[in-house]
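For reference, the structure is listed below as structure tokens.
The values are calculated or read from the model by the stated rules, or taken from the named source; none is laboratory data. This one's a predicted model, so the numbers in the text were calculated from it and none came from an experiment. Neighbour counts are summed over all protein chains in view; Cβ atoms, including those assigned to glycine, are modelled from backbone coordinates with ideal geometry. Just the protein is used for accessible areas: all its heavy atoms, side chains included, with ligands, DNA and RNA removed. Shrake-Rupley method; radii C 1.70, N 1.55, O 1.52, S 1.80 Å.
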Amino acid sequence: MTATDRSIELIKTAAQAAADKLAHDIIAYDVSDVLSITDAFLLASAPNDRQVKSIVDEIEERLNKELGTKPVRREGDREARWVLLDYVDIVVHVQHSEERVFYALERLWKDCPEVDLPADAKATRGKGAEHAKLQDAGDVAELGELR
């Protein structure tokens with residue numbers, strides 16, 4: 001990987017913060033070989049707008065408190081469907097689960113190396129699909145109760 005040590009430190013701290021706020025499907029890519037504007041992307045998702053905001057706030061607070069850095073740009077706050085935090089060295093994308101599926105950023109960056117993340121962050125893989133399945137089962141059960 002060619003991402004700087006600082007970028008990796010930022011990514012790992014942000015990933016742990018996202019995991020602590022129960023983000024789903026956390027993954028990071030070293031995009032430094034294909035992009036000159038940043039070293040790495042962190043992707044995370046949540047099933048609702050309120051949780052997206054909570055994850056974003058936690059990432060921003062943790063990176064500021066622990067590593068003394070603030071984003072140079074924060075976009076998407078109002079709708080909280082896809083919030084982007086630009087730290088120059090890294091870019092964090094926190095998406096509502098529906099946007100995550102629709103835009104499928106993983107497909108764009110699948111050829112880039114993954115950044116090794118903390119165990120808590122890795123454990124979130126597949127949680128989005130698991131949550132959707134439980135939600136669908138709940139909707140079916142609720143529909144049955146209405147009949």
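Residues in region 1-44 that are in contact with a strand residue (DSSP E or B) (Cβ under 7 Å, 6 or more places away or on another chain), hydrophobic (A, V, I, L, M, F, W, C) and either without any contact (Cβ under 8 Å) to a residue 12 or more places away in the chain or part of a strand (DSSP E or B) (or both): Ile26, Ile27, Ala28, Ala40, Phe41, Leu42, Leu43, Ala44.
Yes or no: region 67-74 includes at least one residue that is over 21 Å from Thr4 (Cβ atoms) and open to solvent by 40 Å² or more (accessible area, probe 1.4 Å). Yes - at least one qualifying residue is present in region 67-74.
The listed residues are Val83, Val101, Val115, Val56, and the only one of them that is of a type in the set (A, V, I, L, M) and either modelled with pLDDT under 95 or open to solvent by 60 Å² or more (accessible area, probe 1.4 Å) (or both) turns out to be Val101.
Taking region 1-50, which residues are hydroxyl-bearing (Ser, Thr, Tyr) and either touching a Leu at 6+ places or on another chain (Cβ under 8 Å) or open to solvent by 10 Å² or more (accessible area, probe 1.4 Å) (or both)? Of everything in region 1-50, those that are hydroxyl-bearing (Ser, Thr, Tyr) and either touching a Leu at 6+ places or on another chain (Cβ under 8 Å) or open to solvent by 10 Å² or more (accessible area, probe 1.4 Å) (or both) turn out to be Thr2, Thr4, Thr13, Tyr29, Ser32, Ser36. Entry remark, region 121-138: residues being part of a helix (DSSP H, G or I), small (Gly, Ala, Ser) and either loosely packed, with under 12 Cβ neighbours inside 10 Å or at pLDDT below 95 (or both) number 5 in total.
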